[in-house]
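Have a look at the structure below before the remarks.
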Amino acid sequence: MKYTLNLGAKEFSSDSLVLVSAFEKTVEAKGKAKASKAIVNAHWSKELKSTFEAINSAKDFTGSLGDTFLFHLANGTTVLVYGLGTKTKLTFEGLRNQAAKIFKMLATKHSEVALQLDGFVLKGKAEESLNALVEGIALADYKFDRHFSKQTKTKLTEVILDSSEKKTKAKKLQAVIDDTLVVTESINVSRDFVNEAPNIQRSTVYAKEVLKDIKGTKGVKAKVLGKAELKKEKMGLFLSVNDGSAYEPQLVHLTYTPSKVTKNTKHIALVGKGLVFDTGGYSLKPGGSMVNMKFDMAGSATVYAAFRAVAKLGLNVKVTCILGMTDNAVNEHATMPDAIVKGRNGLSVEILNTDAEGRLVLADCLDYACDLKPDAIIDSATLTGAVLVSLGTEVCGIMGNNQKLTSKILKSAKNTDEYMWELPIIEEFHNDMKSPIADLKNIGGSRFGGSSKAAAFLSKFVKNDIPWAHLDIAGIGDSQGHKAYCPSKGASGLIVRTLVDFLKNS
Ligand code: BES
Ligand code: ZN
Ligand code: ZN
């Protein structure tokens, strides 16, 4: 999609389709009459208003949210009016969703649209509004269609943004568009990774695709550790998950160093669970729960997308990205329940359920990340079904060892309109993860508080008091069709924007 900014616009940039917004207001009536609704379109040009008012049926259109009205100007230009409802009630998230709906409405019918930007500016904030608008369109402009024998092309290829803003604002507003597109492109790359089929995207393929995607990005260095290297690193827990696999485990280690590093430059490590498929292992998942477990690498795709966006934006923060990739499969070598395995940090773990594998991969990756001495570590994982039980399928769980870090990430989630809620790690949960015959066991004694107990387990692999936060995206990472800018089925790409906001403010 091409986005063209046209400032100081007096005329419409398209003679085919012009899109203008309208708001709605409630008009209080006098006496016994009922209150009525009326259109707010003060931002329209004279020509638009007079043509619109001359149409009889236009009187019924009040600009309520999502309503549309189509009419034509004398020169043949089509004008599509899009209702945004009560202006004071519309949030940036609302705007993001409406932008996505507008995209879907036009995508197959029009090749170009000139959108009158002024009518989409909320709270007088042109930059934030433009960001939400472009995000909504670019995130809705995604489909995973590579496996169809025939792909249908999206007809809409250009959005012209007409605005009466002065031309001196061009640099700032263009930067908003460019930066937004870097983030949405990264989100769409991560969606592709998550949605790809597990028989095609083996761990080794996934690692290669990541390297290919990041290649040539300024300031980025990459390396991959395979089975031999992981053995050298004594990553027994990670390796135990891979034991039943026909494919090598892969630890992808990416570093982004900004062009100017000072002693004040922060270093953040991101760690992601990259289970390209989770059968459960010997503790096999029932058929119904196993379907869609290709999505078990969404944690890694999420942190990768944030890393990619930060590097491509050239932000002034050093970021390390550790992606732990393998499948969790069963063969004659697969780890059996009751196995006792030693992690990279020397702790022994009694593996009572091979389906609680994500924490094993993350454990060794977290210990590895700690050795790089970052200022903070954030991991992201589709770790527990329990997070869907406690928070619903729409909310990301956050847990950690440092309230300041947790609060900062929660603030970023708020800034970007993403749902996130903190869960506690109490002493009792730590105790529940102790084994009578090893340092730890990989599941708690009951299914209650499962997400927090998994986090309690992870915390044992974070050393030197490094501030650490764990994001359980088992719910929010998957199908979020209640958001118009997310696909109804498949990877949502949510939480990337939270992480980018956090890294921007680091
Ligand atoms: N990948 C799953 C978690 C998951 C479940 C993600 C549902 C998305 C949707 C994870 O590896 C797992 O199987 N966890 C177990 C842990 C249990 C055995 C303690 C779970 O949540 O049931
Ligand atoms: Zn599992
Ligand atoms: Zn898993």
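Residue check: is Asn331 assigned to a loop (DSSP other than H, G, I, E, B) and either within 11 Å of ligand 1 (Cβ to nearest atom) or out of contact with any Lys or Arg (no Cβ under 8 Å at 6 or more places or on another chain) (or both)? Criteria met by Asn331. Residues of the range 67-102 that are at pLDDT 95 or above, hydrophobic (A, V, I, L, M, F, W, C) and open to solvent by 20 Å² or more (accessible area, probe 1.4 Å): Phe69, Leu70, Phe92. Val159 meets each of the listed conditions (1) touching an Asp or Glu at 6+ places or on another chain (Cβ under 6 Å); (2) more than 26 Å from Val252 (Cβ to Cβ) apart from (1).
With respect to the stated conditions, Leu254 fails to be hydrophobic (A, V, I, L, M, F, W, C), over 26 Å from the mean Cα position of the chain (by Cα), modelled with pLDDT of 95 or more and buried (at least 17 other Cβ atoms within 10 Å of the Cβ).
The residue that is nearest to Met433 (Cα to Cα), counting only those in the range 338-352 that are open to solvent by 50 Å² or more (accessible area, probe 1.4 Å) and within 16 Å of ligand 1 (Cβ to nearest atom), is Leu352. When the range 447-465 is filtered for residues that are away from ligand 1 (no atom under 13 Å from the Cβ) and open to solvent by 10 Å² or more (accessible area, probe 1.4 Å), the ones remaining, listed by number, are Ser459, Lys460, Val462, Lys463, Asn464, Asp465. Any residue in the range 259-276 that is farther than 30 Å from Ala381 by Cβ sitting within a Cβ distance under 7 Å of a residue that is among the charged types (D, E, K, R)? List the pairs, counting only those 6 or more apart or interchain. Sorted first by the residue in the range 259-276, then by its partner, the list stays empty. Among the residues of the range 152-204, just one is surrounded by 13 or more Cβ atoms within 10 Å (Cβ to Cβ), free of Cβ contacts under 8 Å to residues at least 60 places away in the same chain and of a type in the set (A, V, I, L, M), namely Val176.
Gly299 meets the conditions (1) under 19 Å from Tyr206 (Cβ atoms); (2) open to solvent by 10 Å² or more (accessible area, probe 1.4 Å) in every case but one. The failed one is (2). With respect to being within 18 Å of Asn442 (Cα to Cα) and more than 16 Å from ligand 2 (Cβ to nearest atom), Ile340 fits the description. The single condition among (1) surrounded by fewer than 16 Cβ atoms within 10 Å (Cβ to Cβ); (2) more than 13 Å from Leu117 (Cβ to Cβ); (3) touching a residue at least 60 places away in the same chain (Cβ under 8 Å) that Ala22 does not meet is (1). List the number of the failed condition for Leu323; all other conditions in (1) more than 16 Å from ligand 3 (Cβ to nearest atom); (2) among the aliphatic types (A, V, I, L, M); (3) open to solvent by less than 50 Å² (accessible area, probe 1.4 Å) hold. Leu323 satisfies every listed condition except (1). Of all the residues in the range 353-384, those that are in a helix (DSSP H, G or I), away from ligand 1 (no atom under 11 Å from the Cβ) and either touching a Cys at 6+ places or on another chain (Cβ under 6 Å) or open to solvent by less than 10 Å² (accessible area, probe 1.4 Å) (or both) number 7.
Looking only at the range 243-259, residues that are under 30 Å from Leu503 (Cβ atoms) and in contact with a strand residue (DSSP E or B) (Cβ under 7 Å, 6 or more places away or on another chain) come to 10 in all. Does Met297 count as within 16 Å of ligand 3 (Cβ to nearest atom) and more than 18 Å from Gly493 (Cβ to Cβ)? Spelling it out, it is not the case that Met297 is within 16 Å of ligand 3 (Cβ to nearest atom) and more than 18 Å from Gly493 (Cβ to Cβ). Step by step: first the residues of the range 41-64, then only those that are more than 20 Å from Glu165 (Cβ to Cβ) and among the hydrophobic types (A, V, I, L, M, F, W, C), then the one that is surrounded by the fewest Cβ atoms within 10 Å (Cβ to Cβ). Which residue is that? So the residue we want is Ala54. Whenever a residue of the range 108-126 is under 12 Å from Leu156 (Cβ atoms), its partners that are of a type in the set (Lys, Arg), lying with C-beta atoms within less than 7 angstrom and at least six residues away or across chains, give the pairs Thr108/Lys155; Lys109/Lys155; His110/Lys155; Ser111/Lys155. Please verify whether Glu196 is at pLDDT 95 or above, within 18 Å of the chain's Cα centre (by Cα) and not polar (S, T, N, Q), treating the condition exactly as stated. Considered against the rule, which asks whether it is at pLDDT 95 or above, within 18 Å of the chain's Cα centre (by Cα) and not polar (S, T, N, Q), Glu196 comes out as yes. In a helix (DSSP H, G or I) and not charged (D, E, K, R): is that true of Thr184 in this structure? Yes, satisfied. All conditions in (1) within 18 Å of the chain's Cα centre (by Cα); (2) not in a loop (DSSP other than H, G, I, E, B) hold for Lys169, with the sole exception of (1). For Met293, the requirement of being in contact with a Lys or Arg (Cβ under 6 Å, 6 or more places away or on another chain) and of a type in the set (A, V, I, L, M, F, W, C) is not met. Between Ile378, Ile398, Ile322, Ile409, the distinction of being more than 19 Å from Gly475 (Cβ to Cβ) and among the hydrophobic types (A, V, I, L, M, F, W, C) belongs to Ile322 only. Within the range 214-229, does at least one residue satisfy the condition of being open to solvent by less than 60 Å² (accessible area, probe 1.4 Å) and on the phi > 0 side of the Ramachandran plot? The answer is yes; a qualifying residue exists.
Only one entry in Gly288, Gly343, Gly299 is without any contact (Cβ under 8 Å) to a residue 60 or more places away in the chain, out of contact with any Cys (no Cβ under 6 Å at 6 or more places or on another chain) and on the phi < 0 side of the Ramachandran plot, namely Gly288.
The numbered conditions (1) within 26 Å of Asp478 (Cβ to Cβ); (2) within 16 Å of ligand 2 (Cβ to nearest atom); (3) buried (at least 24 other Cβ atoms within 10 Å of the Cβ) are all true for Gly288 except (3).
Restricting the range 266-282 to residues that are of a type outside the set (A, V, I, L, M) and open to solvent by less than 30 Å² (accessible area, probe 1.4 Å) leaves a set whose member that is farthest from ligand 2 (Cβ to nearest atom) is His267.
The values are calculated or read from the model by the stated rules, or taken from the named source; none is laboratory data. These figures come from a predicted structure and were not determined experimentally. FYI the Cβ positions are ideal-geometry reconstructions off the backbone, even for glycines, and counts take in every protein chain you see. We work out accessible area using only protein heavy atoms, side chains counted, and drop any ligands, DNA or RNA first. Shrake-Rupley method; radii C 1.70, N 1.55, O 1.52, S 1.80 Å.
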